[in-house]
Amino acid sequence: MKHSILFVDDDLNVIQGLKRSLRSMADEWDCLYCQSAVDALDLLKHYRFDIIVTDLRMQGMDGANLLELVKKNYPEVIRLVLSGQTNEDVSLRSTELAHQFIAKPCDTAALKNILRRACQQKDMLYNEHLVRVINSIGDLPSLPDNYVRLVRAVDSPDTSLKLIGEILEQDVAMTAKVLQLVNSAFFCLPTNVTSPQRAAAILGINTLRALVLTVKVFSVFTPERQVPGFSMEHLWSHSLQVSNLAKDIALFEGADTYTVEEARTAGLLHDFGKLVEAQVQGFHQSLFAITHEQHLTPLVAEYELLKVSHAELGSYLLGIWGLPTSLVEVVAYHHYPSRRLGDHLLGLMAVHVANALVTGKGNGPETERLLDMEYLRAHHMEHHIPDWERLVNGLDLKERAMQLL
């Protein structure tokens, strides 16, 4: 499928450079170029675009205002910033409007990879309504207690990055958002970051304070936003349990430090798509009804209603946010790791098994049903099941989650 991309920059030299750099992609992408936000809005009225890539600092309407209008009027379009903007206030403002920030000058190969990955994510979802809903998301709600603790921490003169990092890593939405920000090219990091603790250290207290108190990239799940059939508390508890157990399994299997960190974070984010589903009006009520009326599991019911599950929805948003591919793949395949092509990922296996053990209460028929035995046999790991069960057996899973607090 050919994708259409709109580039907006008032510097003619940049436009000409982009045209030269992307000429080789003509078979895959239809690229249009313009030099003002006004021209871009006119093109959006007449053509259907998959992605818009804009500079921030432009004459007349700036890139942030352009993205605000695109988000409102053309939510199906993935929004990227390609800018040499060094003003942190403006750059932070763009975090709520753009899915990713790409710094100028950008290596041609890196730019192609970012665009190619965004196109691949777009191909994951065939439901245009879902695409519009997900692309419109700027923030996702956090538990009230976590939100209040974070606000107090960043507003306190005696706070520490360690404390802020500990709060972030206990919340699904906060972890996803800080990883989106810190993996942005704005920070020009040489490697991917998968730890919310490390993300907090890189962002720094002043930036975090601005994000929380001024830009307000985090929101709170308040009673008036409660969704029938959806429990934020259950999602939080389950995600923390899977996170902690995935870390234990990775350690048991002799994983290196990076993989253990990745397994812990991926375990926290594995059900991120359920937060996305909560943004679809009426979804959880319909899910609750169909699971009871037709005696379906929630996962099967999701496919019945949406043709995709929370796994694909979560990986889609994390993918267009630019999170590391390894994390996105764990989220996408955590129910059925055998569907993923390529080399064995220990982090994926750890999260898959942890989710099955936590959901199945540690062992027994329910856990067996949830485990992808085809995958475990293919990697000669089925005989490890008793060892993994011993990691969780006899322990109160809720207590294990609370150990992280």
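The values are calculated or read from the model by the stated rules, or taken from the named source; none is laboratory data. Since the model is a prediction, treat every value here as computed from it, not as a measurement. Virtual Cβ from ideal backbone geometry, glycine too; neighbours counted across all protein chains shown. Quick note on the areas: whole protein, heavy atoms, side chains included, nothing else; ligands and nucleic acids left out. Shrake-Rupley method; radii C 1.70, N 1.55, O 1.52, S 1.80 Å.
Here are the numbers:
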{"quantity": "CD proxy at 222 nm, helix term only [per DSSP H run n ≥ 4: -39500 (n - 2.57); per residue of the chain; nearest 500]", "calculated": "-16500 deg cm²/dmol"}
{"quantity": "Global form of the range 10-137, assessed from the alpha-carbon gyration tensor, a/c cut-off 1.5", "calculated": "rounded"}
{"quantity": "Per residue accessible area of the range 98-138, 1.4 Å probe, in Å²", "calculated": "44"}
{"quantity": "Nearest-ten-degree value, helix 283-293 long axis tilted from longest Cα axis of the chain", "calculated": "30"}
{"quantity": "Rounded, prolate or oblate (a/c below 1.5 giving rounded, otherwise prolate when a/b exceeds b/c) for the range 135-212 by Cα gyration tensor", "calculated": "oblate"}
{"quantity": "Extension gain from Asp139 to His379, taking 0.36 nm per residue of separation minus the Cα-Cα distance", "calculated": "82.6 nm"}
{"quantity": "Lysines whose Cα lies under 18 Å from that of Lys162, excluding same-chain neighbours fewer than 8 positions away", "calculated": "Lys177"}
{"quantity": "Most positive-pole-ward Cα, Leu251, His270, Pro298, against dipole of the range 250-298 from beta carbon charges", "calculated": "Pro298"}
{"quantity": "Under-5 Å amide H pairs with Phe7, H placed in peptide plane, nonlocal only", "calculated": "Leu32, Tyr33, Cys34, Val53"}
{"quantity": "Positive dipole terminus of the chain, leading residue within Thr175, Leu203, Ile51 (C-beta point charges)", "calculated": "Ile51"}
{"quantity": "Among the listed pairs Lys104/Lys274; Lys2/Lys72; Lys19/Lys112, those beyond 23 Å (Cα-Cα)", "calculated": "Lys104/Lys274; Lys2/Lys72"}
{"quantity": "Selected from Thr95, Ala110, Pro141, residue furthest toward positive end of dipole (the range 91-142; charges at beta carbon)", "calculated": "Ala110"}
{"quantity": "As computed over the range 111-177, the Cα convex hull volume per residue (Å³)", "calculated": "130"}
{"quantity": "Alpha-carbon spread of the chain, three principal axes, descending order, Å", "calculated": "66, 52, 43"}
{"quantity": "Simple Cβ-charge dipole of the range 1-93, Lys/Arg +1 and Asp/Glu -1, about Cα centre, in debye nearest 20", "calculated": "200"}
{"quantity": "Long-range HN-HN contacts of Ser219 with modeled amide H, under 5 Å", "calculated": "Leu140, Ser142"}
{"quantity": "Between the range 248-283 and the range 1-57, the Cα center-to-center distance that results, in Å", "calculated": "35"}
